[in-house]
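The values are calculated or read from the model by the stated rules, or taken from the named source; none is laboratory data. What you see is a predicted model, and the numbers here were worked out from it, not measured in a lab. For neighbour counting, all protein chains shown are included, and Cβ atoms are generated from backbone atoms with ideal geometry for every residue, glycine included.
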Amino acid sequence: MFQFPQQGQRRQIPLAARFLPVIIGIGGVMVFLMTNCEKGPFGRNRVVALKPEEEMVLGEQAFKQALQQEQVLDPQRVRLTREESELVDVVNQITGRLVKAAREPEVLQHFQLTEDQYEWEVEVVRSDTPNAFCLPGGKMVVYTGIIPIAQTEAALATVIGHEIAHALGRHGAERMALDQVQQLAAAAAAGLGETPEQQRAVMIAFGLGGKFGIALPFSRSHESEADRMGLVLMATAGYNPEESVRFWERMGRVAGTGQKPPEYMSTHPSDQTRIAQLTELMPNAMEFYKSSPQYPTRYLPGVRPERALNQQPNQGVKALVAIKNPFVSRDIRQFQPFLAP
């Protein structure tokens with residue numbers, strides 16, 4: 001005869017029923033992976049959540065939103081100084097050369113990719129932020145705050161080439177796919193109806209046990225791949241790839257090592273790891289550079305050669321602190337709290 005459980009007594013759920021959500025979750029993940037798997041850069045397998053045309057639509061929307069609150073260096077919108085006008089021209093020139101390089105047959109063969117159909121576009125934004133980004137679909141933003149650190153056209157090509165590589169590699173679509181897999185796994189774990197510890201165990205069984213286990217290494221692998229691809233792009237476009245190492249040395253001196261989290265806790269490789277990887281990849285990049293136009297290394301508009309960052313480590317930080325950024329209201333001294341002692 002069936003007996004109702006006594007008050008305070010937990011009803012026992014059959015083992016098969018308890019793990020049914022996990023089984024369904026595993027099945028959902030497997031179907032998602034199989035239906036969205038394709039070949040990525042250098043022939044590696046990857047899973048993407050969007051089609052290229054969907055990326056272009058989302059990228060265009062995000063691009064417009066990102067620029068709404070920014071001071072875009074557009075002569076039709078704001079009054080530009082001579083240096084700002086020159087900078088916009090140089091950024092467009094560098095970007096055009098890099099995009100052309102990305103469509104060269106030998107580069108596509110090296111990357112093991114087909115030619116993109118993106119509508120590439122770049123805007124320069126007046127901002128203290130030392131940054132640049134490229135949205136899925138080829139929409140880019142370069143902040144004037146990166147100019148005192150880049151200093152040369154080749155170094156800026158390092159930055160822009162790296163961002164273009166993220167779009168070519170479709171890294172955004174891969175990250176979205178990872179998010180969807182994590183959501184499926186989380187739903188399966190929640191459906192188990194057990195303690196948080198048991199739910200975390202299910203997530204670990206899916207290989208998704210926390211950001212240090214997969215999310216951050218996943219992002220770091222994208223950054224390293226973008227460095228690798230960007231090096232070839234800048235070399236093919238005619239910019240000396242050796243300038244990439246000098247740029248990251250300067251970036252390292254600006255940011256300082258004491259203010260950064262350990263590499264395993266970061267979405268990016270450490271500057272030391274980055275430089276070591278670039279140095280290892282340099283011989284291959286130089287082969288592309290040999291057959292390129294080989295443009296001379298020139299200072300960017302607004303960078304004074306006599307005040308540019310000294311390449312000697314002992315003097316580099318002091319020199320950088322003294323550089324005034326002609327594109328923003330404040331100067332590079334804002335970085336001083338982040339400098340290594």
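The figures follow:
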read-out	value
Within region 152-178, tally of residues that are of a type in the set (S, T, N, Q) and assigned to a helix (DSSP H, G or I)	1
Test set (1) modelled with pLDDT under 75; (2) surrounded by 17 or more Cβ atoms within 10 Å (Cβ to Cβ) - HIS166 fails condition number	(1)
Single match in LEU73, LEU98, LEU87, LEU135 (criterion: within 14 Å of ILE164 (Cα to Cα), modelled with pLDDT of 95 or more, among the hydrophobic types (A, V, I, L, M, F, W, C) and assigned by TED's automatic domain parsing to the domain that holds THR158)	LEU98
Number of the condition not met by MET140 [criteria: (1) at pLDDT below 95; (2) surrounded by 15 or more Cβ atoms within 10 Å (Cβ to Cβ)]	(1)
Residues located in region 67-96, provided they are within 20 Å of the chain's Cα centre (by Cα) and buried (at least 17 other Cβ atoms within 10 Å of the Cβ)	VAL91, ILE94, THR95
Any hit, region 211-231, residues being in contact with an Asp or Glu (Cβ under 9 Å, 6 or more places away or on another chain), modelled with pLDDT of 90 or more, farther than 24 Å from GLY172 by Cα and of a type outside the set (A, V, I, L, M, F, W, C)	no
Checklist (1) at pLDDT below 95; (2) assigned by TED's automatic domain parsing to the domain that holds ILE164 applied to GLU123, failing item	(1)
Per-region count, region 142-170, residues in contact with a Leu (Cβ under 7 Å, 6 or more places away or on another chain) and among the aliphatic types (A, V, I, L, M)	8
